[in-house]
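Shown next, in structure tokens, is the structure this report addresses.
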Amino acid sequence: MNKKALITGASRGIGEAIARKLAKEHFDLYLTCVHSEDKLHSLACYLEEEYKVSVGAFLCDMSSHKEVERLFRHIPSLDILINNAGISYIGLLSEMSTEAWHQIINTNLSSIFYTSRKSIPLMLQKHRGQIINISSVWGDCGASMEVAYSASKGGVNSFTKALAKELAPSGIQVNAIACGLINTEMNLGLSEKERLALIDEIPADRMGNAAEVAEMAYSVLSMPSYATGQVFTIDGGWR
């Protein structure tokens, strides 16, 4: 029987790339997005037809605990949780609204609490499971003009390490992947000049791509059970 994986924020970018990789490796999938429902359903249909796996597509605002609870009514069994859904905010902290702050924190950090809380009992039934949280290098060193985003990803890293210690006796691994500059829609807000300036700092001399993060995620899933509580970095040697 195929293992079952939930991937949040799967309609594009890193989430879509991970969905494609896991479907290719014969995982059954539950996929979510908050806006691009048609695109998500098209992806689900393609993956089912191409790889002969089961794929469920769900519209779900991961920042809402009520919507996450409704989502899990459709998930009776789960082996893997990939917390990928996330948003960014670029601007001065002094000009950031309270609503924007809460949206960043709830989408990037509170969401992994909501999904983990619902996933853990399903994994405990099997005495095994894996959780991977998609983080950022800014969660470690912080980024100017991205204070809320950096704070949320720093929280993701600490959440990962703490939950790993809590769940290790139960055979459940919890790890994170801290991404550097990845060529996704999230970074389209950067000007060409800003992108080139960042690339100039990266030893690999380029942006990463979503498929590389997907390969990293699959590698983490393939690691021995003793590998837990880690924040693995993929950034071209940048940070």
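What Kirkwood hydrodynamic radius do you get for the range 100-239 when you take the inverse of the mean 1/r over all pairs of distinct Cα atoms, in Å?
On the way: mean 1/r = 0.0628 Å⁻¹.
Hydrodynamic radius (Kirkwood, Cα only) of the range 100-239 equals 15.9 Å.
Which of GLY15, GLY142, GLY229 moves the most in a Gaussian network model of the chain with Cα springs under 10 Å?
GLY142
Distance from the Cα centre of the range 149-197 to that of the range 88-119, in angstrom?
Cα centroid of the range 149-197 versus Cα centroid of the range 88-119: 13 Å apart.
Quote the Stokes-Einstein diffusion coefficient, in whole µm² s⁻¹, for the chain, based on the Kirkwood radius over alpha carbon pairs, a temperature of 37 °C and a viscosity of 0.692 mPa s. List each step's numbers first, then the result.
Numbers: Rh = 18.0 Å.
After rounding, the answer is 183 µm²/s.
Bin width 5 Å, alpha-carbon pairs only: give the P(r) of the range 22-112 as whole percents, running from 0 to the bin holding the largest distance.
It works out to 3, 12, 20, 21, 18, 11, 7, 5, 3, 1, 0, in whole percents.
Mean separation of Cα pairs under 8 Å and 6+ residues apart, divided by the residue count of the chain: what relative contact order is that in percent?
The normalised contact order for the chain reaches 19 percent.
Using a basic spin-label model with each label point 7 Å from the Cα along Cα→Cβ, how many nm lie between ASP140 and LYS24?
2.6
With a 1.4 Å probe and all protein chains left in place, how much of the accessible area of the chain comes from carbon and sulfur atoms, in whole percent?
That fraction is 51 percent.
State the extension gain, in nm to one decimal, for the chain segment bounded by TRP101 and ARG206, taking 0.36 nm per residue of separation less the distance between their alpha-carbons.
Length gained, TRP101 through ARG206: 34.7 nm.
Ignoring ligands, DNA and RNA, what accessible area per residue does the chain give at 1.4 Å, in Å²?
Per-residue accessible area for the chain comes out at 49 Å².
Relative to the present Cα-Cα distance, how much length would full extension add between GLU194 and SER222 at 0.36 nm per residue of separation?
Going from the current span to full extension adds 6.5 nm.
Any chance you could give the angle, 0 to 90 degrees and rounded to 10, that helix 210-221 forms with the longest Cα principal axis of the chain?
50
Name the trypsin sites (Lys or Arg not before Pro) in the range 20-67 that are in a loop by DSSP and that have at most 16 other C-beta atoms within 10 Å, would you?
For trypsin sites (Lys or Arg not before Pro) across the range 20-67 that sit outside H, G, I, E and B with at most 16 neighbouring Cβ atoms in 10 Å, the list reads LYS52.
The values are calculated or read from the model by the stated rules, or taken from the named source; none is laboratory data. Keep in mind the model is a prediction, meaning the values are calculated, not measured. Every residue, glycine as well, gets a Cβ built from its backbone with ideal geometry; the counts of neighbours run over all protein chains shown. What goes into the accessible areas is simple: the full protein's heavy atoms, side chains included, and nothing from ligands, DNA or RNA. Shrake-Rupley method; radii C 1.70, N 1.55, O 1.52, S 1.80 Å.
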